[in-house]
1. Pull up the DSSP beta bridges for the protein assembly as shown and report the antiparallel fraction as a percent, rounded to 5.
2. By per-residue mean of other Cβ atoms within 10 Å, what is the highest-first order of A:68-74, B:265-271, B:214-220?
3. Ranking B:114, B:20 by Cβ neighbours within 10 Å, fewest first, what do you get?
4. Over the C-alpha atoms of chain A, what are the Rg and the largest Cα-to-Cα span, Dmax, in Å?
5. List the distances, in nm to one decimal, from the label point of residue A:277 to the label points of the same position in every other copy, shortest first, placing each label point 7 Å from Cα along the Cα-to-Cβ direction.
6. Near the amide H of residue A:258, under 5 Å away, which other amide H atoms are found, from residues 5 or more places off or on another chain, if H is placed in the peptide plane?
7. Quick one: what are the phi-derived ³J(HN,Hα) couplings along the stretch A:35-45, Karplus 6.51/-1.76/1.60 with θ = phi - 60°, whole Hz, x for glycine and proline?
8. Got a sec? How would B:324, A:154 order by Cβ neighbour count within 10 Å, fewest to most?
Number of protein chains: 2
Amino acid sequence: MPFCKRVQKGITDPVYRPTSIKDIARKANVSFSTVSRALQNSPLISRRTAEKIQKIARESGYRVSAVARGLVTQRTKTIGVVVTSIADPFVSEVVDGIEECCNDHGYSVILANSNADPDRERKVVQSFYERRVDGIVVTSSRVGALYIPLLSEMRVPIVLVNNQHPGEFVHSVMIENVQGSREATNHLIQLGHRRIAYLGDRFGHQSDTERFSGYRQALDGAALPFFPELVVHGDGKSEKAIAATEALLRLPEPPTAIFCYNDMTALGVLRALHARRLRVPADISVVGFDDLFIASYTDPPLTTVRQPKRRMGFLAMESLLQLMSGQNPSQAITVAAELVVRESSGPPRKAPK
Amino acid sequence: MPFCKRVQKGITDPVYRPTSIKDIARKANVSFSTVSRALQNSPLISRRTAEKIQKIARESGYRVSAVARGLVTQRTKTIGVVVTSIADPFVSEVVDGIEECCNDHGYSVILANSNADPDRERKVVQSFYERRVDGIVVTSSRVGALYIPLLSEMRVPIVLVNNQHPGEFVHSVMIENVQGSREATNHLIQLGHRRIAYLGDRFGHQSDTERFSGYRQALDGAALPFFPELVVHGDGKSEKAIAATEALLRLPEPPTAIFCYNDMTALGVLRALHARRLRVPADISVVGFDDLFIASYTDPPLTTVRQPKRRMGFLAMESLLQLMSGQNPSQAITVAAELVVRESSGPPRKAPK
DNA sequence: CGAGGTTATGCAAACGTGTGAGAAAATCCC
DNA sequence: GGGATTTTCTCACACGTTTGCATAACCTCG
């Protein structure tokens with residue numbers, strides 16, 4: 001029903017295509033521009049004909065071609081989302097928020113993995129450009145500076161979520177890393193900890209630097225000494241965190257608490273502690289960052305700093321909508337991190353002297 | 001550089017657009033059809049002009065408009081992926097596999113959440129149709145029958161992953177539910193368990209029925225009695241599983257092992273057992289299904305049945321590629337499930353009499 | 001030098017839609 | 001009833017490609 005036989009020029013076999021505006025025009029005995037307007041409820045068309053046309057359109061299962069429309073309007077109602085990997089639980093929640101906002105405003109999401117590979121990330125963005133997306137969101141991009149030439153070429157509005165190169169881009173949504181990790185560290189201090197380790201990401205990444213800085217601020221604020229040997233680095237994954245934890249435990253005076261760069265790191269820490277038969281938090285406390293879904297299912301449930309991931313995606317998309325409509329939204333949106341106290345943090349075994 | 005000033009009809013302000021094939025034609029002093037062919041490396045164009053044109057295109061940052069191309073070729077090189085929620089860890093891995101295969105073949109993924117709402121799912125599919133996607137993949141759809149009218153309207157190739165209505169659709173990728181849960185149950189039997197509970201999904205779903213059936217087959221195969229009171233139902237989430245576990249533990253003769261419909265259910269079970277201070281697997285064994293990433297981080301790490309999620313997504317996409325190229329691939333692809341033994345399963349406390 | 005054959009290029013028609021300009025028809029006003 | 005106004009619709013172009021066909025340029029051979 002919604003398909004019309006058409007006979008193409010040289011070809012003898014009729015080819016099936018979706019019904020177009022012209023098919024409807026023929027049936028309704030009007031010009032196809034009238035059909036176009038009628039379907040948009042243009043005031044230029046009388047109620048009577050509009051209704052007649054809409055009825056025919058409905059009956060023949062007509063659906064406008066977004067690609068034809070996109071060609072003439074120069075807007076595809078499409079936004080591109082670049083992620084390192086959609087299988088990353090952090091990322092997928094952000095994308096969930098983006099998608100929701102998109103859906104609210106009639107946009108579709110084109111998704112592409114970069115696999116954290118700068119080359120591939122560039123290719124992905126170029127393919128977005130070929131698709132003429134109206135805007136782009138990039139989550140956790142690590143190739144910040146490379147965008148600059150690309151962007152000046154493309155002139156596509158872009159918003160970054162938790163980018164590692166703040167200041168280099170105009171628009172971004174960022175978590176309050178400093179505040180969040182300060183609160184987490186303060187929490188441990190208030191529980192009575194004095195030797196608190198920081199298990200970071202690869203050295204030099206912006207978010208690692210900021211979270212470390214929050215940790216330092218908390219120590220300084222409580223007038224506690226800073227022990228450089230209590231600062232070690234992983235890579236944001238759990239494997240490396242296991243090794244790093246063991247290094248910490250081998251210290252002559254091991255920490256009584258470990259504040260981790262993120263939850264995946266904390267997972268590795270928990271596992272390492274478990275292997276050593278250390279009890280959490282009785283023997284040692286652990287605090288993470290992110291509040292991944294998994295954090296409430298570890299043993300014990302993980303005390304961590306929540307990033308409102310869906311909301312951050314939603315905000316990024318809202319910001320992008322403003323950009324696309326020609327407004328100039330606030331450049332860097334920062335959202336507050338929230339300490340979630342569960343059961344992996346408690347007072348240290350021995351009271352400090 | 002890649003943008004050209006154009007003066008539109010009535011409008012005095014020049015408007016910026018991406019450089020088009022025509023801009024290049026002007027610069028190269030050839031017709032735009034020559035440019036089109038040159039950029040496609042058509043043998044009709046001499047090497048010399050082709051190279052000249054390609055150079056100009058490169059220098060002016062030209063990128064072909066996929067939307068214009070899609071209009072004329074009637075193929076958008078785009079596939080639509082419907083998911084219940086991209087934040088679901090199972091789904092996001094499947095999508096990861098789909099995306100990889102798409103990327104290999106020059107397709108882009110349009111993603112949309114259905115939130116498991118049939119109405120929204122229909123709308124999503126219609127919006128895919130308006131975008132003229134070349135094919136559609138739906139993961140974990142629960143609204144199977146509703147597709148039939150939609151599909152006959154749209155004539156878009158479609159492949160379902162783990163759909164709950166096998167047989168109603170032509171093409172699907174399914175996990176071997178029966179085999180997987182039979183192996184899981186056998187594993188428990190071999191460990192010496194005689195009272196094994198099955199904690200299922202909502203009653204009536206296809207995958208639940210099949211996994212239950214594998215459980216029964218294993219019992220029958222070992223000539224073990226089936227105890228109806230050991231079969232309870234949750235909803236695939238961990239909350240309900242907690243209540244269900246408590247019901248099992250209240251039985252006069254509680255099970256020594258619980259086989260769960262999926263890992264999320266197992267998570268709830270572990271939590272409930274933990275709350276009761278029962279040790280796993282010393283006091284009771286737990287086995288899941290899915291092998292979500294989280295399964296190796298629970299305490300103890302979860303014995304479970306692995307679904308090769310990425311591969312299933314990849315296979316679905318390969319199947320779709322075949323459909324789109326006019327071939328008729330095998331209708332229902334089933335992939336084997338693999339038992340992954342970790343530490344949540346062990347011999348029962350007391351040897352069976 | 002012209003017929004015939006390549007080779008390289010241009011022309012023009014699509015693809016399906018939006019939209020300004022203007023024609024035709026209907027209505028109104030005096 | 002004639003002109004002005006409003007309503008309703010059509011014409012025609014544009015969007016940026018691809019591609020069949022026509023044509024121009026060049027070459028080869030008799």
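1. 20 percent
2. Those peptides, ordered most packed to least, come out B:265-271, B:214-220, A:68-74.
3. Final ranking by Cβ density, sparse to dense: B:20, B:114.
4. So, for chain A, Rg and Dmax equal 27.3, 94 Å respectively.
5. 2.1
6. It is A:197, A:285, A:286, A:287, by chain and number.
7. 4, 3, 5, 4, 6, 9, 6, 5, x, 6, 9
8. If I rank by nearby Cβ atoms, fewest first, I get B:324, A:154.
Only the coordinates and a few stated rules stand behind these numbers; no lab work does. Model, not experiment: these values are computed from the prediction. Please note: Cβ atoms are built from the backbone with ideal geometry, for glycine as well, and neighbour counts cover all protein chains shown.
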